[in-house]
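These notes are about the structure you will find just below.
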Amino acid sequence: MVNVDESGEVDLTSALRYLQQERGVGRVLCEGSPTLNASLARRGLLDEFLVTTTLRLSGYPNEPRIVSSPVTDRPLHLVSELHHTDETVARA
């Protein structure tokens, strides 16, 4: 069973445990929002992180972010990168 706290937030640890133990899911690819990414990182639930970048010059303060709030300072190590036209996918 997946737990939800009083604020309506899903307990991510119990959700992933449920998927693994009850459903036999071995891997979860999460294309989350900055808020979800930060929550997963803070709880130590990220094994890998994929980031796709493209060259673009912009400076709007409300541009999309990878994470929405501070995350513990956890170094990431580049595992691989794939280049295609003007995009790069980095796996850490």
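The values are calculated or read from the model by the stated rules, or taken from the named source; none is laboratory data. Note that the coordinates shown come from a computational prediction; the quantities given were computed from them, not determined experimentally. Neighbour counts are summed over all protein chains in view; Cβ atoms, including those assigned to glycine, are modelled from backbone coordinates with ideal geometry.
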For this session: For segment 39-47, indicate whether the set of residues that are over 24 Å from residue 8 (Cβ atoms) and modelled with pLDDT of 85 or more is non-empty.
Result: yes
Considering segment 10-38, residues that are over 20 Å from residue 74 (Cβ atoms) and touching a residue at least 12 places away in the same chain (Cβ under 8 Å), and then whichever is nearest to the chain's Cα centre (by Cα), we arrive at 15
Residues in segment 22-35 that are of a type outside the set (Lys, Arg) and at pLDDT 85 or above total 6
